[in-house]
Amino acid sequence: MNGTALAAVPAIVMRGITKRFPGVVALDDVSLEVAAGELHAICGENGAGKSTLMKILSGVQRPDAGDLEVHGRPVRFGGTREAEQAGIAIIHQELALVDELPVAANVFLGRERRTALGLVDDRTQADATARLLADLDCTVDPWARTGALRVGDQQLVEIAKALSVNASIVVMDEPTSALTEAESARLERTIARLRARGTTILYISHKMDEVFRLADRITVLRDGRHVRTVDRVATTPREVTGWMVGRDIAGHDGARRRLRGDRVLEVRDLTLPWPGHARGRRLDGVSFDLHAGEILGVAGLMGAGRTELLETIFGASEPTWTGSIRLAGRPVRFTHPSEACRAGVAMVTEDRKRLGLFPDLDVAANVSLCSLTKALRNGLLSRSAEEHLVSGPIRATGVKAPGPHAAVTGLSGGNQQKCIIGRWLLTEPRVLLLDDPTRGVDVGAKAELYTLIDGLCRDGLAVLLTSSELPELLALADRIIVLSEGRLTATFDRQEANEQAIMEAATGGAPRVDGREAQVPT
Amino acid sequence: MPSHSRGAGGAPFLRPGEWTLLAAIVAAVVFTALADSNHSYWQRPLDSLRDIARNAALLGIFALGSTVVIIAGGIDLSAGSMIALSGTVCATTMLALAPAEMAGFKPVGPAVVAAGCLASLLAGFLVGTLHAWLVTTIRLPPFIATLATLVGLRSFARALCESTTAAFTPTKSALINVADPFFKAVRDNVWVPVAVFALLAVITWLVLTRTVLGRHVHALGGNEAAARLAGIRTDNVKWFAYVFGAMTAALAGLFYVGNESVAAPVNQGRGHELNAIAAAVVGGCSLSGGVGTVPGTVLGAVFLRVVIDAVSKIIKTGADVYEGLIVGIVVVVAVTLAQIGQMARGGRRLLPGPLGLCAIPTLAVLGGAVVAMMASPRAGAATGIGAFVLLGLLRRWETRHTAVSAS
């Protein structure tokens with residue numbers, strides 16, 4: 001088969017794909033054509049059906065109706081292996097690697113190379129893996145334990161795994177959601193290399209800058225339906241975002257000045273040791289002030305110490321830190337989150353599913369959890385008192401739920417996050433620590449969260465906010481501090497902050513090669 | 001998504017699965033009444049009721065403890081050994097305080113009985129504390145920590161029994177007879193364990209659904225890391241759960257001493273921890289934590305005892321012969337039924353691939369052998385062949401059905 005023949009036949013044709021789950025139509029009569037060799041972006045809010053469509057394409061799920069053609073041949077995948085044989089590889093949003101196995105074993109998992117005796121041929125696998133990784137500009141040792149790698153390198157291992165099946169079609173499901181800027185840039189070089197080989201790429205993302213930098217064509221899904229497919233050059237990010245949410249959303253107007261109140265939190269020389277790690281310290285001499293009615297943004301790459309900073313203030317880290325933290329002038333040293341909670345410090349954690357949400361408790365119980373004593377009548381929890389208690393924060397944060405006793409797992413990511421913010425508002429905090437609060441939240445809900453956070457701050461709350469998205473910090477924060485390798489490398493006022501300056505401070509000026517941590521100068 | 005919540009707070013008293021369990025209990029009783037050729041449910045209804053009530057209450061008491069531990073995301077494998085230790089501590093305390101009366105099978109007096117019972121409950125508190133300490137500070141997995149005490153406590157109880165009898169009686173012994181009228185009364189008045197069980201169930205239910213502590217137990221089991229970050233003192237919640245688990249087992253241990261008029265550390269309560277876990281699981285607890293109810297466990301315990309009683313009535317053997325087999329089958333069937341809807345929706349097959357193929361003769365032989373032993377070889381053969389054919393048809397249907405839906 002030569003290149004022109006390939007280009008004439010679309011790589012993928014989907015016609016009338018429909019998939020129902022109990023109570024939900026995930027995909028409703030979706031048709032899509034992907035030309036061979038193109039990079040086709042699929043955009044949509046969470047729950048729009050992007051991932052389901054890709055799971056059908058890669059054989060993970062079977063459609064209830066509809067036809068699928070790959071390179072002109074009708075196909076019907078009974079499982080992922082059949083899709084692989086048809087040349088389709090998928091790089092999942094959640095990494096599907098076995099932490100305890102070496103890199104090479106992960107790359108060939110389920111398709112192990114064998115020696116003449118039928119034993120696993122580790123050497124051949126390692127050599128092949130090394131070649132694949134070298135192609136990706138990655139110098140990870142094929143024998144290294146996968147769990148010991150940084151997330152960005154794990155992502156590349158996942159990509160190497162996809163390439164090892166000689167895929168002509170690669171599906172990438174939000175590949176940069178866990179990557180730093182440098183790692184994202186490396187991924188983009190990899191994508192360019194794949195495209196040079198003629199690989200067709202389906203790229204799922206809701207980051208508009210990426211989509212508009214990479215894609216040839218863009219397909220927008222909303223509520224399981226195909227909204228439209230357009231050439232990238234014929235549209236704008238704002239237009240695409242509008243199609244995704246079904247309305248034109250205005251960018252958050254965070255430029256309105258807030259009134260800064262008294263100093264509430266005073267952190268001096270905060271240092272958190274990191275036993276057994278080359279860097280030695282997770283946090284190294286961090287000092288800053290936080291005032292009432294102020295949003296202080298914390299910028300930094302993954303692993304810079306953002307979460308550690310918030311957890312140390314909240315009493316959730318190992319109690320081995322040195323330095324001083326003063327809350328409203330009084331020195332504090334929380335050894336357990338419950339003490340922070342009582343003192344008026346609240347923390348919304350980074351990983352909502354793992355560290356925030358209680359899937360077995362209903363909406364009301366998720367919101368009331370930290371303030372249950374307020375729902376007691378005669379020493380026992382009262383259903384009506386609890387409903388009354390949570391109705392306030394549910395209204396204030398704008399949670400959309402069928403009722404206070406609905407299952408929290410049935411809510412969208414944005415509404416779950418509002419429940420958790422509501423939980424902490426009930427504790428009447430003075431300081432609110434928000435660790436990447438809009439991660440995994442769709443575009444519409446992000447804007448609502450921004451308005452909510454802005455409103456809380458105007459009511460006099462002191463907010464410490466981290467985010468993996470710089471535009472978010474630039475839009476929301478009054479001031480931004482930048483962490484790099486655990487050290488505070490810069491403080492910006494809103495006026496002087498821009499992405500370029502923050503990234504320079506976040507990378508500490510030290511060159512970052514191959515996505516590895518730059519060595520700390522000692 | 002279903003609109004009802006599976007966790008604590010604001011749910012109806014009985015959930016759908018629990019109604020099913022209740023219906024299954026009634027069905028099992030009716031079936032036994034009809035199928036039992038001795039008609040014991042008609043002839044001696046009170047005797048049968050008493051048997052089932054006593055056994056279900058004894059099992060239920062420490063199954064409630066296991067339920068709390070399981071909802072909190074842990075597991076307590078040591079309940080059977082705790083039962084043995086509790087009985088031994090009670091008997092040795094009484095022996096030490098009143099050696100002459102104990103040796104002469106005479107009443108020891110209420111003060112001595114009370115001392116024995118309190119010592120047992122104290123032992124439960126200490127064992128629960130030990131578990132919580134091992135789990136929270138040494139960070140042993142609960143399975144390992146309670147496996148260690150499962151093995152260790154029984155041996156400890158025996159050693160305690162032997163050294164105490166050596167000190168206070170002429171001969172060293174691995175069991176102590178308990179003849180005090182208090183324990184006789186507990187044995188003869190079946191309403192005592194039933195009332196204790198009912199009271200304990202109500203208290204446990206109130207604690208789990210209507211107190212802050214209970215909500216924290218659910219939160220801890222559902223998501224431990226999030227619970228800590230929500231300011232819950234998770235270590236203290238675990239302490240409560242393990243102490244509650246061990247103290248309910250200690251309480252049950254006292255009833256076993258009454259029932260059997262002896263403290264016998266070697267065999268008393270052996271394997272009972274698994275029955276307690278089974279009752280909780282049949283009642284809807286999830287071993288991954290966060291999910292479970294008191295009504296569910298109560299019904300689970302009753303259901304297990306009703307089925308065990310049914311089998312012993314229908315095939316006229318000692319209940320203990322088939323007890324383990326029945327518990328095993330009931331657990332598998334109950335959990336399978338709870339998941340079968342989800343399996344069908346997810347397109348999962350019961351008998352897929354080569355594993356499914358091998359499972360057909362495995363299940364057929366197993367079913368046939370059980371029936372052959374319980375009833376007759378002929379019935380066993382019929383069951384085996386029947387199961388083989390039915391499973392074969394099921395597999396064919398599944399294969400064809402998946403092929404059809406895919407084409």
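Below is a table of values for the structure above.
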item	result
Single match in A:409, A:427 (criterion: β-branched (Val, Ile, Thr), closer than 23 Å to residue A:388 by Cα and in contact with a Cys (Cβ under 7 Å, 6 or more places away or on another chain))	A:427
Residue A:37 part of a loop (DSSP other than H, G, I, E, B) and at pLDDT 85 or above	yes
When residues of segment A:359-397 are limited to those that are farther than 23 Å from residue B:72 by Cα and touching a Lys or Arg at 6+ places or on another chain (Cβ under 6 Å), the one farthest from the other protein chains (Cβ to nearest Cβ)	A:397
Tally of residues being within 9 Å of residue A:17 (Cβ to Cβ) and surrounded by 17 or more Cβ atoms within 10 Å (Cβ to Cβ) across segment A:30-51	2
Verdict on residue A:101 being more than 27 Å from the chain's Cα centre (by Cα), modelled with pLDDT of 85 or more and surrounded by fewer than 19 Cβ atoms within 10 Å (Cβ to Cβ)	no
Residue in segment B:171-182 that is exposed (fewer than 14 other Cβ atoms within 10 Å of the Cβ) and within 14 Å of another protein chain (Cβ to nearest Cβ) present	no
Among (1) part of a helix (DSSP H, G or I); (2) surrounded by fewer than 17 Cβ atoms within 10 Å (Cβ to Cβ); (3) of a type outside the set (S, T, N, Q); (4) within 14 Å of another protein chain (Cβ to nearest Cβ) - the single one residue A:78 does not satisfy	(1)
Filtered residue count, segment A:306-349, keeping only those that are part of a strand (DSSP E or B) and either touching a strand residue (DSSP E or B) at 6+ places or on another chain (Cβ under 7 Å) or buried (at least 16 other Cβ atoms within 10 Å of the Cβ) (or both)	12
Considering residues of segment B:217-228 that are buried (at least 24 other Cβ atoms within 10 Å of the Cβ), aliphatic (A, V, I, L, M) and at the interface with chain A (Cβ under 7 Å from one of its Cβ atoms) only, the residue farthest from the chain's Cα centre (by Cα)	B:226
Where residue A:450 falls short, out of the listed (1) closer than 24 Å to residue A:315 by Cα; (2) modelled with pLDDT of 90 or more	(1)
Test: residue in segment A:190-198 that is assigned by TED's automatic domain parsing to the domain that holds residue A:137 and at positive phi	yes
Residue within segment A:126-135 that is touching a residue at least 40 places away in the same chain (Cβ under 8 Å) and either in the same structural domain as residue A:164 (by TED's automatic domain parsing) or within 29 Å of residue A:184 (Cα to Cα) (or both) present	yes
Pairs where the first residue, in segment A:474-495, is closer than 15 Å to residue A:303 by Cα and the second is assigned to a strand (DSSP E or B) and of a type in the set (Lys, Arg), C-beta under 8 Å, 6+ apart	A:486/A:281; A:486/A:282
Condition broken by residue A:175, with the remaining ones in (1) out of contact with any helix residue (DSSP H, G or I) (no Cβ under 7 Å at 6 or more places or on another chain); (2) touching a residue at least 40 places away in the same chain (Cβ under 8 Å) satisfied	(1)
Condition check for residue B:237: within 14 Å of chain A (Cβ to nearest Cβ), assigned to a helix (DSSP H, G or I) and not acidic (Asp, Glu)	yes
Residue among B:212, B:291, B:207 that is within 12 Å of chain A (Cβ to nearest Cβ), surrounded by fewer than 24 Cβ atoms within 10 Å (Cβ to Cβ) and touching a Gly at 6+ places or on another chain (Cβ under 6 Å)	B:207
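The values are calculated or read from the model by the stated rules, or taken from the named source; none is laboratory data. If you're wondering where the values come from, they're calculated on a predicted model, not measured in any experiment. Please note: Cβ atoms are built from the backbone with ideal geometry, for glycine as well, and neighbour counts cover all protein chains shown.
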